[in-house]
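The values are calculated or read from the model by the stated rules, or taken from the named source; none is laboratory data. Everything numeric here is computed off the predicted structure, so don't read it as measured data. Glycine also receives a Cβ, built like all others from the backbone with ideal geometry; neighbour counts cover every protein chain displayed. When the accessible area is computed, the model is the full protein with side chains, heavy atoms only, and any ligands, DNA or RNA have been set aside. Shrake-Rupley method; radii C 1.70, N 1.55, O 1.52, S 1.80 Å.
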Amino acid sequence: MGTNYYVAKNLCECCNRYDTEYHIGKSSGGWAFTFQGYPAERLTSWEAWKAFLKDQIIMDEYHERKDYDWFVHYIEGPKAPNFVNEQGRKNLQHNDYGKTNKYPYFNPQYDWDDEDGYAFSTREFS
């Protein structure tokens, strides 16, 4: 199971409905966060996303608003590429799997890792 996160625009405070401007990415159990990349907007690294999100509304797919500080802690903590949980398991990383012969879907035209090891893709995913 996973959760997608979005930049929300036109948020209705009454019913919590909103328009999505950007798909930030997806969090899945046991995996590092996978980001949607937007090269034209220069959203190609976690550092770029972090700077961009400072004055944005972050929502999850269940229409729950997420505080910026919570989101940063979540991405840099339990959803970081090198995070090891209390059972000693390191987060799996999307692009690492895509580079294997068993699951060969990595394509450097669309997929990359940033300098912190976070996986990015310009392809649609959910």
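Below are the figures for this structure:
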| read-out | value |
| --- | --- |
| Within the chain: Cβ-based charge dipole about Cα centre, in debye rounded to nearest 20 (Lys, Arg +1; Asp, Glu -1) | 360 debye |
| Share of carbon and sulfur in the accessible heavy-atom surface of the chain [1.4 Å probe, %] | 47 percent |
| Dipole-positive endmost among His94, Ile57, Val7 within the chain (Cβ charges, Cα centre) | His94 |
| Mean accessible surface per residue for the chain, computed with a 1.4 Å probe while every protein chain stays in place, in Å² | 60 Å² |
| Estimated distance in nm for a label pair at Lys50 and Cys12, the labels positioned 7 Å out from Cα along Cα-to-Cβ | 3.6 nm |
| Distant-in-sequence amide H partners of Leu92 (H built 1.01 Å from N, under 5 Å) | Trp31, Ala32 |
| Cα-based Lys pair tally, the chain, threshold under 16 Å, eight or more apart or on separate chains | 10 |
| Residue-count net charge about Arg17 - beta-carbon cut-off 15 Å; Lys, Arg +1, Asp, Glu -1 | -4 |
